[in-house]
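The values are calculated or read from the model by the stated rules, or taken from the named source; none is laboratory data. Because the structure is a prediction, the values reported are computed rather than measured. Here the Cβ positions follow ideal geometry from the backbone for every residue, glycine too, while neighbour counts run over all protein chains shown. Surface accessibility is based on the protein's heavy atoms, side chains included, excluding ligands, DNA and RNA. Shrake-Rupley method; radii C 1.70, N 1.55, O 1.52, S 1.80 Å.
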Amino acid sequence: GIPAVAVSQDALGGGSGPDFEYDFSAVTEFAAKLVPLACEANFPRKVIFNVNGPGVPPSALKGARVTRLGRRVYDDTLSLEATVGSRRHFRIYGEPMSHDMQPGTDLSTIDEDMLSVTPLHFDLTDRDGMDAMQRWEIDQLLRSVSGVS
């Protein structure tokens, strides 16, 4: 029931992976200052703060912004690397990720060399869709399924 913080950081110069250089100092210091604010009694519980840092040194940060989630675009391929007995080993890899350039998203914000903070929750239910489906008389569908009394 208490807020949590997830911290991500692009590699310096962009990209990600174990062979890149990172500087988490600004994004982690920012996240540490965010925690006391999130623990205030009037802030909604069960929230995860997703803090993302761009691939620039702390001195090059242009600010911070509250954002919504952006949409990544993956161009991956699946290839069979090896078969050992009945086990298969696959590799999923592809071109570098891209994203829809939508203003106000976490992805466009880090492209602008700013820290992004997105409050997240686990309830992904589409309430409007739920209301629409409740008018469909779903129970009638079950009655038409063979073997259901």
Quiz item: GNM on the chain, C-alpha springs below 10 Å: top fluctuator among ARG135, ARG65, ARG91?
Solution: ARG135
Self-check item: Accessible-area order (highest first, 1.4 angstrom probe) of the listed residues SER25, SER144, SER116
Solution: SER144, SER25, SER116
Self-check item: Accessible area (Å², 1.4 Å probe, nearest 10) - MET133
Solution: 90 Å²
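Sort ASP128, ASP111 by heavy-atom solvent-accessible area, probe 1.4 angstrom, most to least.
Working: ASP128 120, ASP111 85 Å².
If we order ASP128, ASP111 from most to least accessible, we get ASP128, ASP111.
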Quiz prompt | Correct option for percent of Cα pairs over 22 Å apart [calculated from the coordinates] among (1) 45; (2) 35; (3) 60 | solution = (3)
Practice problem: Would you give the gap between the C-alpha center of segment 99-121 and the C-alpha center of segment 28-53, rounded to a whole Å? | Solution: 17 Å
Self-check item: the chain: most fluctuating residue of SER59, SER79, SER108 per GNM, C-alpha cutoff 10 Å
Solution: SER79
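May I ask what percent, to the nearest 5, of DSSP beta bridges between residues of the chain are antiparallel? Don't skip to the answer; put the middle values down first.
Working: 16 of 26 bridges.
Here the antiparallel bridges make up roughly 60 percent for the chain.
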Practice problem: Starting from the Cα of VAL84, step 7 Å along the direction of its Cβ; do the same at ASP19; then give the gap between the two resulting points in nm. | Solution: 2.3 nm
Self-check item: Candidate residues TYR22, TYR93: accessible-area rank, largest first, probe 1.4 Å
Solution: TYR93, TYR22
Quiz item: So if we plug the beta-carbon distance of GLN102 and THR125 into 1/(1 + (r/R0)^6) with R0 = 25 Å, what FRET efficiency do we get, rounded to 0.05?
Solution: 0.65
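So, with a 1.4 angstrom probe, what is the percent of accessible area on the chain that is carbon and sulfur?
On the way: 6080 of 10840 Å².
Roughly 56 percent, rounded to a whole number.
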Quiz prompt | Cα-based Rg and Dmax for segment 1-72, where Dmax is the largest Cα-Cα distance (Å) | solution = 13.5, 42
Self-check item: Net charge contributed by nearby residues that have their C-beta within less than 10 Å of VAL56 (K/R +1, D/E -1)
Solution: -2
Practice problem: For the chain, set up a Gaussian network in which alpha carbons nearer than 10 Å are linked by springs, and say which option among LEU80, LEU34, LEU107 fluctuates the most. | Solution: LEU80
